[in-house]
Amino acid sequence: MASLGQLFWSFFKIGTFTIGGGYAMIPLMEKELVDRHGWITNDEFMEIITLSQTMPGIFAANMATHIGWKLRGVPGAVISVLGNILVPILIILGLAAGLHYLQGNTIVEAIFKGVRPVVVALIAAPVFRMAKTARISRYNFWIPILAALLIWLLGISPIWVILAAGLGGFIYGKYLEKKEVSS
């Protein structure tokens, strides 16, 4: 069982070393919480990602809240969120205070241009791990592709895509899966 100090330190490290925000934190969270400490399973981690995406608010804070609460209740949730957001808040405050000095600075602009592709990779890498954990197979691989295309190309709200997927999953589980099993 994780102590409050261990939770704070783990989420402090995650918040400190993540560039790119919530989705970029997924690989660090998985490595720290699932692989290193074994506090939650891969399936639990996937469920928390799904739940955190559907909740209003900041994704990283939602993840920290759910994991902290699962491990240590309300104190765990509070400590996990504090650890997760402390360094990013300090960095944002520092950048805001010195923003006028950094604007137009070619070195700073070059650093951000170099970091952008890494952030894309940090976001993309968990997608492939999540596909494996979510049991994406040759029979259902078209579902996430269709969902992404509906959102990206047609501009359909992710809310409608999630609701349609939930309804489809319900119908499949309630009616179609039973027919396949009994056949």
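Once the Cα-Cα distance is subtracted from the 0.36 nm per residue extended length, the THR16 to ILE171 segment shows a gain of 51.5 nm. Of the trypsin sites (Lys or Arg not before Pro) found in the stretch 115-165, those in coil by DSSP whose Cβ has at most 13 other Cβ atoms within 10 Å are ARG135, ARG138. Taking a spot 7 Å from the Cα of LEU154 along the direction of its beta carbon, which residues of the stretch 129-144 have an amide N less than 19 Å from it? Inside the label zone: 140-144. Restricting the calculation to alpha carbons of the chain gives Rg and Dmax of 19.4, 70 angstrom.
How far is the Cα center of the stretch 150-170 from the Cα center of the stretch 1-44, in Å? Here the answer is 29 Å between Cα centres.
Here the relative contact order of the chain, from alpha carbon pairs under 8 Å that lie six or more residues apart, stands at 24 percent. The convex hull of the Cα atoms of the stretch 31-111, projected and averaged over all directions, covers 7.2 nm². Between the residues HIS100, ALA2, VAL81, the greatest Cα displacement towards the positive end of the dipole of the chain, with unit charges on the Cβ of Lys, Arg, Asp and Glu, is found for ALA2.
The heavy atoms of HIS100 present about 120 square angstrom of accessible area, all protein chains included, probe 1.4 Å.
Lysine pairs, Cα distance under 21 Å, 8 or more residues apart or cross-chain: how many in the chain? Could you put the intermediate results ahead of the total?
On the way: LYS13/LYS31; LYS13/LYS70; LYS31/LYS70; LYS31/LYS132.
Qualifying lysine pairs in the chain: 4.
Working note: Karplus 6.51/-1.76/1.60 with θ = phi - 60° gives the stretch 56-69 the couplings x, x, 7, 4, 4, 5, 4, 4, 4, 4, 5, 5, x, 5 Hz, where Gly and Pro are set to x.
Of the chymotrypsin sites (Phe, Trp or Tyr not before Pro) found in the stretch 47-151, those in coil by DSSP whose Cβ has at most 14 other Cβ atoms within 10 Å are TYR139, PHE141.
Using a probe of 1.4 Å on the protein chains alone, the accessible area found for LEU93 is around 110 Å². Using only side-chain charges placed at the Cβ, +1 for Lys and Arg and -1 for Asp and Glu, the dipole size of the stretch 50-155 relative to its Cα centre rounds to 460 debye.
Per residue of the chain, the DSSP helices (runs of n ≥ 4 H) give a summed -39500 (n - 2.57) that works out to -24500 deg cm²/dmol at 222 nm.
Each Cα pair of the stretch 104-173 feeds into the Kirkwood radius, which the Stokes-Einstein equation turns, at 25 °C and 0.890 mPa s, into a diffusion coefficient of 166 µm²/s.
Size of the dipole of the chain about the Cα centre, Lys and Arg at +1 and Asp and Glu at -1 on the beta carbon, nothing else charged, in debye to 20? List each step's numbers first, then the result.
On the way: 14 positive and 9 negative charges, 48 e Å.
Taking the Cα centre of the chain as origin, the dipole is about 240 debye.
For the pair ARG116 and TYR139, a Förster radius of 30 Å applied to the C-beta separation gives a FRET efficiency near 0.25, rounded to the nearest 0.05.
The values are calculated or read from the model by the stated rules, or taken from the named source; none is laboratory data. All values reported here derive from a predicted model rather than from experimental measurement. Glycine also receives a Cβ, built like all others from the backbone with ideal geometry; neighbour counts cover every protein chain displayed. We work out accessible area using only protein heavy atoms, side chains counted, and drop any ligands, DNA or RNA first. Shrake-Rupley method; radii C 1.70, N 1.55, O 1.52, S 1.80 Å.
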